[in-house]
Every structure is written in C-alpha cells, then in structure tokens.
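Working notes, beginning with the structure itself.
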Amino acid sequence: MSVPMPTSPSSTLQSGESHLHPFLTTRSSLNLRRRLVNALVVLSTTLAALFAAGLLIYLLYYVLSQGLRYIDLDFFTQLPTPNGEPGGGMGEAFQGSLILIALASLMGVPLGLFTGIYLAEFGRGPFAQGVRFLVDVLNGIPTIIFGLLAWVLIVIPMQTFSGLAGGFALGMIMIPIVTRTSEDVLRLVPRELREASLALGATEARTILQVVLPAARNGIITGVVLAMARVAGETAPLLMTAFGTTFWNTDVTQPMDALPLRIFQFTLSPYQQQVNQAYAGAFVLIVLILLASLAVRLATGGFKQR
Amino acid sequence: MSQERVSLSKARQQWVGWQRMLRVQRPGDLFFRGITLLFVLIVLGLVAGTAWILISNSLPTIRRFGFSFLTNKAFDPVHDVYGVLPAIFGTLMTSAFALIFAVPLGLGASIFLVDFCPRPLRLILAFLIDLLAAIPSVIYGLWGFLVLAPWLHNAGEPWLQQHLGFLPLFTGQPEGVGYLGAGIVLTMMILPLIISVSREVMLVTPIAQREALLALGATRWEVIRHAVLPFARVGILGGVILALGRALGETMAVTMIIGNQANEPSLSLFTPGYTLASVIANQFGEATPGLFLSAIIEAGLILFIITLITNILARWLIASLQRQAQGSRGGRP
Amino acid sequence: MDQATVEQTNRSVLRPMGMSLSIEQLNAWYGRKQALFDINLTVPPLSVTALIGPSGCGKSTLVRCLNRLHETIPGARVEGRVIANGLDIYGRGIRPMNVRRHIGMVFQQPNPLPTRSIFENVAIGPRLNLGLRGSRLKELVERSLQQAALWEEVKDRLHSPAISLSGGQQQRLCIARALALEPEVLLMDEPCSALDPISTLQVEELITYLKRQYTIVVVTHNMQQAARIADRTAFFLQGHLVEEGETQQLFTHPRKKETEDYISGRFG
Ligand SMILES: Nc1ncnc2c1ncn2[C@@H]1O[C@H](COP(=O)(O)OP(=O)(O)OP(=O)(O)O)[C@@H](O)[C@H]1O
Ligand SMILES: [Mg+2]
C-alpha cells in the first residue's frame with residue numbers, strides 16, 4: 001500500500017521563527033474572529049432568552065399581581081352585581097366551567113381513550129397511521145372551528161345557546177389530546193406484562209382491560225387532566241355555543257357561563273369593578289393551569305430527565 | 001382431485017392468514033377490537049363531519065359569490081354582499097408580523113436554553129416556557145386590551161410615528177387597537193411554542209455529532225452551527241409552521257385587540273382590522289339565516305383549509321425528522 | 001501571516017521531535033462515580049501506544065481526557081496533569097478548543113456529519129481552524145482521504161452525503177477528517193471495531209506509517225492487533241493502570257498476575 005505522507009518538514013526555516021507551543025498559537029486573526037463570533041452568539045442568544053422570558057414573566061406577574069388584589073370568598077360564591085356595583089363574584093362561571101368540563105369529558109375521554117387503545121394495541125399498518133396523522137392534525141385546527149361546528153349542529157336547530165353545545169365543542173378539542181397521551185402511555189406498558197397475562201389464558205380483551213389499562217392508569221389520568229386544563233381555558237368555541245350568563249344555571253339546554261367567557265366579557269366591560277373581577281378570574285385560571293402542569297410534571301417525573 | 005386438494009389448502013392458508021392478520025382467536029376479542037374500532041370510526045366521522053358541515057353550509061355564498069368572496073372588501077349584511085379580503089389580509093399580516101419577531105427570538109432563546117444556560121436555571125426556564133405555552137389566549141387578550149392597547153395609543157404608536165413615520169408601516173392615526181397590537185400579542189403567544197418545540201428537537205441531536213465537532217477544535221457556536229442546527233433544522237421548521245397555524249387561527253387574543261373593522265388592506269400597522277377568526281367571533285351574534293350565516297361559515301371554512309394545510313405540512317416535516325432520528329442515538333448535552 | 005502558514009511553520013519546527021504526552025496523577029469522574037484512579041503514563045513521541053483492558057475499564061475515558069473532551073459531559077470532572085511537550089493541557093490559559101485541534105480523535109462509533117457531503121466532512125476541520133479554501137483545501141481533502149485509504153472508493157462521489165457510506169467507510173472517513181487537521185497526536189478509540197479484516201489491515205498499515213510523524217494512542221480489544229502495531233502497551237483494570245511497558249515485554253513477560261490472566265484469555 002502506498003500512502004502519501006503529509007508534507008515533509010522543510011529545513012528552510014529561519015531559526016527564531018518562534019518555537020511556539022502549538023497550544024499557544026491562538027492569537028491569529030482567524031481564531032480571534034472565531035472567538036468573537038462565538039461570544040457574539042452567546043451574548044445575543046442570552047439577550048434573546050432574557051428578553052423573551054422577561055416579557056412573558058412580566059405579563060404573568062402583572063396579571064397575577066393585579067388579580068390577587070380582587071380575590072375574596074365572595075368572588076367564588078356570589079353572582080356578578082348588575083352595572084358594576086361593588087361586591088359580587090363570578091360563582092356562576094365556576095359552576096358553568098365545571099359542568100362544561102364534565103360534559104366535554106363525557107364525550108372526549110371515551111372517544112379519545114378508545115381511539116388511543118386502538119392505536120396502541122392494534123394500530124399497525126397504513127389505516128392506523130392515517131388515523132394517527134388525522135388526530136394530530138385535529139389537534140392543530142383552530143378551536144373556533146369547533147365552536148362553529150357546534151353552533152351549526154346544535155345551537156341553530158335548538159334556537160338557543162346551550163351548555164350542551166359548549167360541551168360538544170370542548171369535547172372535540174379534548175379528543176386528540178386524550179388519544180395521543182393514552183396511546184403513548186399504553187405503549188410504555190411492558191410487553192412481559194401482556195405476555196404473562198395472555199400466557200395465563202386471559203383473553204386479549206381481558207388483558208387490556210384488567211392488566212394493561214390499570215398499569216397505565218396514572219399516565220392516562222395525567223393525559224385527561226392535561227386535556228381538562230386545556231379546555232378549561234378555551235374561550236373562542238364557547239362564545240357561540242355556551243354564550244355565557246350572569247345567573248346560576250345547571251340546565252344544559254340553556255346558555256351557560258364559563259370562567260374564560262366571563263373573563264373575556266368583563267375585560268371589555270366599561271365598569272372598573274368588572275375589569276377588576278376579570279383580573280381576579282385570570283388569576284384563578286392561571287393558578288389552575290399552573291397546578292395542573294405541576295401535577296403532570298410530578299406524576300411523569302418530568303423534572304428529573306432534563 | 002389433486003386440483004381440489006390444492007384449492008383446499010389454499011383456502012386454509014387464506015384462513016390462517018386472516019387469523020394472523022386480525023390476530024384474533026376468540027369471539028370476545030373480536031368484539032372488543034370491534035368496539036375500539038367503532039370509536040375510531042366515530043372520531044373519523046366527526047372530523048369528516050366537520051369538513052362536510054362547513055362545506056355544505058357555506059354553499060349559498062360559494063354559489064353566489066364564488067371566487068370573489070376572497071377578493072371582495074365588504075362584509076356588508078345591509079346590502080347582503082360579503083367578502084373576506086380584509087380578514088384574509090389581516091390574518092396574514094398579523095401572523096407574518098408574529099413570525100418575523102417570534103422566530104429569531106425563539107430560536108435564540110432555545111439555543112441559549114440548550115447550550116449556554118447554567119443547569120439549574122435551565123430547568124426552571126424550561127418549565128416556565130412550557131407553562132407559558134399552556135396559558136389560555138384570553139389571558140393574553142386581557143393583557144393586550146387592558147395594558148398594551150392603551151400604552152400603544154398613548155406612547156408606543158406616537159413614538160413610532162415620530163421617529164419612523166417615514167415608513168408606510170407607521171402612518172395613520174394611532175388608535176391603540178390594530179394590526180400592531182394584534183401582532184405583538186400573537187408574537188408573545190407563539191414565542192413559548194417555538195421555544196419549546198425547537199428546544200425539544202435540538203436536545204435530541206446525537207451527542208456523537210456534537211463531539212465530532214468538538215474534537216475538531218470547534219467553538220460552541222460552531223458546534224451548534226454545524227452539528228445541532230443541521231440536525232434540528234427540519235424539526236424547527238415544523239415547529240415554526242405549527243406556530244404559524246396557531247397564529248392564523250388564534251381568536252380571542254386577536255379579537256380583543258385588532259379593532260374589528262373591515263378596513264381597506266393597508267400597510268399601516270396602526271390600522272384596526274379583522275382576521276378570519278375575529279370575523280366569526282364578531283359577526284355570529286347578528287347572523288341571520290341565508291347568505292349572512294353562510295358567509296360566516298365560509299370564513300370558517302377558509303380558515304379550516306388554511307390551517308389544515310399548515311398542519312399537514314408541519315406534521316409531515318416532524319415525522320420525517322423522527323424517521324431521520326431513528327437509528328442514531330439521541331442525547332442530551 | 002495567515003493561520004495556515006503559522007500552523008505549517010509550527011509543524012515544521014515540531015514534527016521532527018513529535019509530541020510526547022505525560023499523564024500524571026490523572027483522576028476522572030462521571031458525577032460521583034470515579035472512572036480513573038491515579039493514572040501515570042508516558043506516551044513517547046512518534047510512537048504507537050496501545051491501551052488494552054476489559055470492557056468498562058476506562059480506556060475511552062482516558063483517551064477522552066487527553067483532548068479535554070471528557071469535561072464536556074455534564075457532571076464529569078478531571079484532576080491531574082497531562083503534559084504535552086512541556087505544557088499541561090489542563091494548565092491555566094490553555095484553551096480546550098486549541099488542545100482538541102492539535103490532538104485529533106477518532107471515535108469508537110463512526111460519527112460523520114450525516115447531512116454533509118463526504119468532501120465537507122473532511123474539509124470542515126481545516127475550513128474552521130485554518131480558514132482554508134479553494135484548491136489548497138481540495139488538495140488537503142484528497143490527501144487525507146488517500147491516507148485513510150478511502151480515496152479510491154469515494155473520489156467519484158465526493159459530494160454525496162456521508163450517510164450513504166458503509167459503516168467501515170464512515171469510520172475511515174472519520175480518520176480522514178482527523179488527519180485533515182494534521183494533528184500532533186492522534187487518539188483512536190477502537191478504530192477498527194466497525195471494519196472488515198481487509199480495512200482493518202489497511203488501517204493498521206496506516207497507523208504504522210503515520211507514527212513517523214504522529215504520536216498515536218490507540219484503544220483496542222484485539223490483542224493481536226496491539227502486538228502488531230504498538231510500540232508500547234498499557235493494561236487497565238477497573239480504572240487503574242495495572243501495567244505498562246514495551247509491547248513485546250508486556251505480552252511475553254507480564255509482571256503482574258492480572259495482566260497475564262487477561263492476555264492469556266483467562267478473563268475479560
Ligand atoms: N457518560 C457516562 N456516564 C456515567 N458513567 C460512564 C459514562 N461513560 C462511561 N461511564 C463509566 O465509566 C467506566 C469506564 O467507561 P469507558 O467507556 O471508559 O470504558 P471502556 O474501557 O472504553 O469500555 P469499552 O471497551 O466497552 O469501550 C465504565 O464503568 C462506565 O460505566
Ligand atoms: Mg470504550
């Protein structure tokens with residue numbers, strides 16, 4: 001084998017042409033430029049991060065600190081006062097939100113969970129791949145589209161806004177979230193567990209229902225909580241479905257209030273009292289979502305990995 | 001005789017094949033599998049139904065106005081003439097604004113988070129970013145309406161006009177509400193999304209590739225430039241398109257600050273305007289059956305199609321990245 | 001003087017002597033776990049030193065300490081000195097990137113940049129560090145690929161992506177990439193583990209050629225290989241240097257019982 005060697009050392013070197021150690025030859029203009037570019041990148045990305053984080057933290061802090069001032073017990077238990085008179089709360093919004101989330105879960109959790117089971121357990125081949133893709137795409141559709149859907153399907157035929165329509169719209173939003181998280185956690189259940197159960201003679205259905213699902217229970221609950229937190233903050237699809245009200249209401253065929261809806265309407269209100277309550281509502285909403293995120297992080301051990 | 005035997009064994013093979021395909025031995029299993037499949041079909045039906053309802057209910061305006069629905073400036077229930085040009089313009093304008101600012105900021109911030117940030121701070125910031133990505137849009141809208149718009153009206157826009165008024169972007173009457181405010185709020189909303197997606201894809205760059213560059217005496221930036229970014233490029237693009245889809249369809253935050261007027265498309269950022277989503281949110285209340293109702297639904301249909309395309313594109317890009325990542329071991333620096 | 005000229009000047013001055021490494025009291029940790037204990041080892045200039053030992057004994061860790069790559073792992077730490085031609089690479093004022101640029105490395109797993117072309121993979125080192133461009137860069141790339149015994153196989157498709165190469169070709173590409181910087185020391189972590197016998201032989205010949213101008217440290221699991229190519233051999237066990245000496249000496253008359261057990265295949 002003939003291998004050409006690196007240029008052989010030339011002897012034409014003037015003595016004194018620096019016996020610089022190679023590790024010390026950093027002061028060339030090229031290396032200076034490289035270090036300068038590197039420093040500039042570090043600096044600018046740091047600034048970008050500080051600016052982005054600062055802006056967002058400021059927003060969060062501002063809304064939270066404003067909201068905290070107007071929170072009291074009445075805020076959770078009383079109805080809004082008419083014409084922005086002092087006092088009152090948005091109790092009906094909390095009540096409505098709970099009912100709407102329950103309705104949405106009634107629709108979104110079974111549909112999402114079973115679709116997730118299908119994808120995780122039987123989901124091979126192009127059909128399942130297509131379903132998966134469609135579910136992901138569904139997740140990115142603007143939520144107001146689902147409001148529009150419920151409006152056309154339910155509100156217009158019934159000739160009234162209703163909690164039912166709102167629940168339907170929110171349910172549509174929950175489906176992809178529940179589907180994807182439950183598929184992911186079901187896939188994490190060890191093979192051996194399934195095989196052991198099948199080897200003991202259990203049917204496939206029994207294995208999934210009594211072995212696999214319980215093993216994945218925490219993960220599935222996490223996904224459901226995540227989906228609930230997500231729809232708890234949805235406003236757009238409720239505008240044209242649940243519509244909102246300022247009275248107690250448990251009748252799902254009638255207009256129903258929701259926390260984000262009330263925040264929206266009071267934000268635009270001409271009365272300072274209602275604007276204050278909008279801040280208070282925003283405070284509660286943010287805290288709820290913070291708690292849900294924290295719970296999910298803790299349940300999935302998300303803090304350790306990164 | 002032998003002919004028969006052949007076909008018989010063929011049939012048996014086929015049966016075994018079917019069995020294997022369904023992987024089912026017992027009727028109970030078949031039933032269970034059928035149930036899950038039923039739910040899948042319901043979900044598919046709901047998606048298809050959404051598309052069908054949007055299309056069938058916007059037929060009146062599609063028939064009446066055809067393509068001119070997209071180019072008509074008026075959304076005028078009084079004369080029963082409808083067009084969404086201002087809304088399409090507003091949607092694109094505000095989303096473009098948001099991307100122009102959120103992409104460089106978000107990319108810079110995620111590079112910082114992945115490569116330069118001290119470890120303890122990294123965890124906190126990453127959690128915060130994920131949290132901010134989950135904050136509902138009505139909160140951003142509240143801040144935009146109560147804080148940003150008055151400030152823009154009194155200080156921000158007059159200042160811009162005074163110093164940069166020679167640009168067509170900053171001409172016109174400062175009103176507080178308008179494209180500028182909507183663009184800023186959208187920027188803040190998609191920023192956490194862009195940061196968290198690009199951070200995620202940059203984190204899975206194989207360590208071996210970072211080390212390849214390090215071992216050649218590369219600076220930290222050169223490692224990012226030549227190892228991390230080429231690897232994460234497609235995923236980042238997917239994330240950006242995902243964020244674009246979010247910006248295009250965002251309703252509440254935009255509705256609360258864009259001003260909701262069907263103005264002539266104008267380059268001035270101070271102009272109050274419309275987006276497709278805010279047209280729907282603002283007009284549904286007065287909708288009367290007929291063309292008006294159909295016009296609102298067609299606005300939704302257009303939004304649906306635009307976001308469908310961006311989402312399919314984004315998913316496809318992300319999926320192709322995952323295929324590329326498979327095989328090469330991912331690692332966290 | 002541009003960077004390339006400075007480098008060449010330095011090379012001419014230093015090449016005849018080569019670079020020696022003297023490892024003194026080196027300890028290395030991964031988080032709390034200590035992986036290397038008080039290593040003292042001298043690597044003479046212009047020679048081949050083989051590191052052998054059972055899997056997990058710290059060979060890769062040691063090699064990665066020699067070009068300051070170990071410290072880039074989160075939580076990893078090094079103590080001790082590595083004196084290269086009289087200068088401690090862990091000394092004050094020494095930039096890691098400068099050390100790495102002069103102490104080249106070939107990894108256990110081939111790690112070409114998958115999206116870059118074959119040419120770009122080799123060119124990237126000189127491009128970044130020397131600012132080389134144009135025909136000088138082309139010549140350097142060609143020479144490096146020839147040295148790595150890859151040129152004939154890729155000369156017609158220099159611009160196809162590196163990922164299109166076979167595993168063995170990728171490893172030789174990584175060797176070429178390291179050679180393109182003309183380092184003083186070449187660290188090779190099991191360079192032949194992904195190669196077929198013929199490519200292995202080629203790389204062994206290459207190593208023997210290269211030691212005229214490079215100081216080479218090579219990790220290997222193959223004791224015949226160590227015997228064939230190494231001037232000196234060091235045997236490691238669980239993070240400790242057990243024995244080190246002339247290859248002939250070590251294989252024929254090991255001083256320690258553990259060494260004898262290992263080379264006679266009684267464990268590991
Ligand atoms: N990134 C890491 N984090 C924690 N421990 C590590 C890491 N890399 C290696 N180790 C540990 O350090 C010890 C030495 O590992 P090293 O990779 O140096 O072994 P090796 O001699 O190169 O083995 P092999 O012949 O299998 O390549 C091992 O016990 C290993 O488990
Ligand atoms: Mg190793």
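Observations on the model:
- Any chance residue B:185 is in the same structural domain as residue B:243 (by TED's automatic domain parsing) and open to solvent by 10 Å² or more (accessible area, probe 1.4 Å): no
- Some residue of region B:91-99 being in a helix (DSSP H, G or I) and at pLDDT below 85: no
- Where residue C:70 falls short, out of the listed (1) within 14 Å of chain B (Cβ to nearest Cβ); (2) open to solvent by 10 Å² or more (accessible area, probe 1.4 Å); (3) more than 8 Å from ligand 1 (Cβ to nearest atom): (2)
- Selection over region C:120-140 of residues that are within 14 Å of chain B (Cβ to nearest Cβ) and either within 16 Å of ligand 2 (Cβ to nearest atom) or surrounded by 18 or more Cβ atoms within 10 Å (Cβ to Cβ) (or both) gives a count of 13.
- Search result, residues across region B:285-321 that are farther than 30 Å from residue B:197 by Cα, at the interface with chain A (Cβ under 10 Å from one of its Cβ atoms) and surrounded by fewer than 23 Cβ atoms within 10 Å (Cβ to Cβ): B:285, B:287, B:289, B:293
- Residue among A:264, A:303 that alone is part of a helix (DSSP H, G or I), on the phi < 0 side of the Ramachandran plot, at pLDDT 85 or above and within 10 Å of chain B (Cβ to nearest Cβ): A:264
- When the test is whether a residue is part of a helix (DSSP H, G or I), open to solvent by less than 20 Å² (accessible area, probe 1.4 Å), farther than 24 Å from residue B:82 by Cα and touching a Phe, Trp or Tyr at 6+ places or on another chain (Cβ under 7 Å), residue B:253 passes it.
- Filter pass, residue B:123 being within 13 Å of another protein chain (Cβ to nearest Cβ) and either buried (at least 17 other Cβ atoms within 10 Å of the Cβ) or not acidic (Asp, Glu) (or both): yes
- Within region B:137-147, restricting attention to residues that are open to solvent by less than 10 Å² (accessible area, probe 1.4 Å) and touching a residue at least 24 places away in the same chain (Cβ under 8 Å), the residue that is farthest from the other protein chains (Cβ to nearest Cβ) is B:144.
- Flag for residue C:81 being modelled with pLDDT of 90 or more, more than 16 Å from ligand 2 (Cβ to nearest atom), facing another protein chain (nearest Cβ under 7 Å) and open to solvent by 10 Å² or more (accessible area, probe 1.4 Å): no
- Qualifying residue in region A:152-169 (condition: over 22 Å from residue B:276 (Cα atoms), of a type in the set (S, T, N, Q) and in contact with a strand residue (DSSP E or B) (Cβ under 8 Å, 6 or more places away or on another chain)): yes
- Pairing each residue of region C:182-194 that is open to solvent by less than 10 Å² (accessible area, probe 1.4 Å) with any residue that is part of a loop (DSSP other than H, G, I, E, B) and within 16 Å of ligand 1 (Cβ to nearest atom), provided the two are 6+ apart or on different chains, yields C-beta distances under 7 Å for C:187/C:66; C:187/C:67; C:189/C:107; C:189/C:108.
- Per the listing A:186, A:200, A:193, the residue uniquely at pLDDT 85 or above and of a type outside the set (D, E, K, R) is A:186.
- The numbered conditions (1) more than 11 Å from chain A (Cβ to nearest Cβ); (2) more than 30 Å from residue C:175 (Cβ to Cβ); (3) open to solvent by less than 10 Å² (accessible area, probe 1.4 Å) are all true for residue B:191 except (1).
- Residue list for region C:84-110, filter: more than 8 Å from chain B (Cβ to nearest Cβ) and touching a residue at least 40 places away in the same chain (Cβ under 8 Å): C:84, C:85, C:103, C:106, C:108, C:110
- Residue C:258 meets all of the listed conditions (1) part of a helix (DSSP H, G or I); (2) charged (D, E, K, R); (3) modelled with pLDDT under 85 but one, namely (3).
- Per-region count, region B:46-94, residues under 25 Å from residue B:273 (Cβ atoms) and within 12 Å of chain A (Cβ to nearest Cβ): 3
- Only one entry in B:332, B:225 is at the interface with chain A (Cβ under 9 Å from one of its Cβ atoms) and modelled with pLDDT of 90 or more, namely B:225.
- Residues in region C:178-199 that are under 24 Å from residue C:44 (Cα atoms) and not aliphatic (A, V, I, L, M) were compared, and the one that is farthest from the other protein chains (Cβ to nearest Cβ) is C:192.
- Number of the condition not met by residue C:62 [criteria: (1) modelled with pLDDT of 90 or more; (2) within 14 Å of chain B (Cβ to nearest Cβ); (3) within 13 Å of ligand 1 (Cβ to nearest atom)]: (2)
This table checks each residue for (1) in contact with a Gly (Cβ under 7 Å, 6 or more places away or on another chain); (2) over 29 Å from residue A:294 (Cβ atoms).
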site	(1), (2)
A:181	yes, no
A:186	yes, no
A:203	yes, yes
A:209	no, yes
A:212	no, no
A:215	no, no
A:220	no, no
A:228	no, no
A:232	no, no
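- If you go through region C:39-67 and pick out every residue that is touching a strand residue (DSSP E or B) at 6+ places or on another chain (Cβ under 8 Å), in a loop (DSSP other than H, G, I, E, B) and either at negative phi or away from ligand 2 (no atom under 16 Å from the Cβ) (or both), you end up with 8.
To keep it simple, each residue is scored yes or no on (1) within 29 Å of residue B:254 (Cβ to Cβ); (2) more than 10 Å from every other protein chain (Cβ to nearest Cβ).
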site	(1), (2)
A:113	no, no
A:117	no, no
A:133	yes, no
A:164	yes, yes
A:172	yes, no
A:177	yes, yes
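- You will find that of A:90, A:107, the residue that is open to solvent by less than 70 Å² (accessible area, probe 1.4 Å) and in contact with a Lys or Arg (Cβ under 9 Å, 6 or more places away or on another chain) is A:90 and no other.
- Looking only at residues of region A:181-204 that are within 12 Å of chain B (Cβ to nearest Cβ) and under 21 Å from residue A:107 (Cα atoms), we find that the one that is nearest to the chain's Cα centre (by Cα) is A:182.
- Any hit, region B:300-314, residues being over 21 Å from residue B:106 (Cβ atoms) and modelled with pLDDT under 85: no
- In summary, residue C:13 fulfils each of the numbered conditions (1) more than 16 Å from ligand 1 (Cβ to nearest atom); (2) at pLDDT 90 or above; (3) open to solvent by 10 Å² or more (accessible area, probe 1.4 Å); (4) among the aliphatic types (A, V, I, L, M) with the single exception of condition (2).
- Matching entry among C:233, C:220 (being away from chain A (no Cβ under 14 Å), more than 16 Å from ligand 2 (Cβ to nearest atom) and open to solvent by less than 20 Å² (accessible area, probe 1.4 Å)): C:233
The values are calculated or read from the model by the stated rules, or taken from the named source; none is laboratory data. Because the structure is a prediction, the values reported are computed rather than measured. Positions of Cβ are generated from backbone atoms using ideal geometry, with glycine treated the same way; all protein chains shown enter the neighbour counts. Protein only, heavy atoms only, side chains kept; ligands, DNA and RNA dropped before computing areas. Shrake-Rupley method; radii C 1.70, N 1.55, O 1.52, S 1.80 Å.
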